[in-house]
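Quick notes on the structure that follows.
The values are calculated or read from the model by the stated rules, or taken from the named source; none is laboratory data. The structure presented is a predicted model; accordingly, all values stated were derived computationally and were not measured. Here the Cβ positions follow ideal geometry from the backbone for every residue, glycine too, while neighbour counts run over all protein chains shown.
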Amino acid sequence: MSAEVVALGGGILFVLVAIVGGGFTIRELMMPRVPNWARVTSAVFGLLLLLPFVLTVVNGQTEKGARSSSGLTPPREQGTGGIEIDTEPDTTPDGIRITGLAVTVRNDPPRVGDTVTVDYSLTNVGSQPIRMDSTFVGARDPADENRDSEDENENRVLGPGETIESGGRVFLNSAGTWLIFPCYLLSEERYCPDEWKAFNVIVMSS
């Protein structure tokens with residue numbers, strides 16, 4: 001039997017003694033009266049034994065709540081137009097970290113003819129320079145056709161620890177569900193992870 005189990009059992013026993021120490025009789029069973037000072041001492045001692053277990057339960061609940069809002073479950077934030085995006089920073093295998101992802105659109109819900117504007121920052125968290133071909137905003141319309149934004153940061157060398165601002169605008173020319181995501185292309189023809197930080201935009205007919 002572990003020390004923790006013994007302490008828990010002892011704590012419960014001492015607290016019970018403090019509670020029923022006033023004496024009672026149930027048929028042939030009689031509990032003698034315990035002096036008040038002994039009951040108080042028993043209660044204090046029992047509570048001291050139980051305190052570590054109470055703190056463990058409380059800390060467990062606190063950590064559980066912290067995990068749900070610290071990053072294990074990516075936070076979802078709502079931009080204009082009721083569009084939900086994952087704003088949690090993320091680093092790709094290329095050593096490029098995205099932060100500050102934001103999206104804006106005029107109407108809520110978005111309508112045909114609106115333009116979605118996406119902004120984000122990219123940081124080189126590695127120890128070597130990264131040569132980028134371009135950055136852009138990837139977009140797929142309801143028919144899964146490519147509607148990527150124009151390129152930015154063309155032929156840019158991103159030094160270790162350096163951050164660049166990027167983004168793009170996507171014109172919503174048809175109703176339905178669009179898929180939009182920030183992305184980059186490296187000089188060796190390597191793209192960002194497939195549909196990186198993607199979010200849906202549900203477009204209504206105008």
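Answer yes if at least one residue in the stretch 168-175 is without any contact (Cβ under 8 Å) to a residue 24 or more places away in the chain, touching a Gly at 6+ places or on another chain (Cβ under 8 Å) and in the same structural domain as Asp86 (by TED's automatic domain parsing), and no otherwise. Looking through the stretch 168-175, none of the residues is without any contact (Cβ under 8 Å) to a residue 24 or more places away in the chain, touching a Gly at 6+ places or on another chain (Cβ under 8 Å) and in the same structural domain as Asp86 (by TED's automatic domain parsing).
Taking Arg111 as the residue in question, decide whether it is exposed (fewer than 13 other Cβ atoms within 10 Å of the Cβ) and modelled with pLDDT of 95 or more. Judged against the criteria, Arg111 is not a match.
Of all the residues in the stretch 151-175, those that are crowded, with 17+ Cβ neighbours inside 10 Å and under 25 Å from the mean Cα position of the chain (by Cα) number 3. Does the stretch 114-139 hold any residues that are crowded, with 17+ Cβ neighbours inside 10 Å and among the charged types (D, E, K, R), and which are they? If the condition is that a residue be crowded, with 17+ Cβ neighbours inside 10 Å and among the charged types (D, E, K, R), then Asp114, Asp133 are the ones that fit. Only one of the numbered conditions (1) exposed (fewer than 14 other Cβ atoms within 10 Å of the Cβ); (2) more than 20 Å from Leu179 (Cα to Cα); (3) among the charged types (D, E, K, R) is violated by Glu145, and that is (2).
Among the numbered conditions (1) within 25 Å of the chain's Cα centre (by Cα); (2) over 18 Å from Trp196 (Cα atoms); (3) surrounded by fewer than 20 Cβ atoms within 10 Å (Cβ to Cβ), the only one that Thr99 does not meet is (2).
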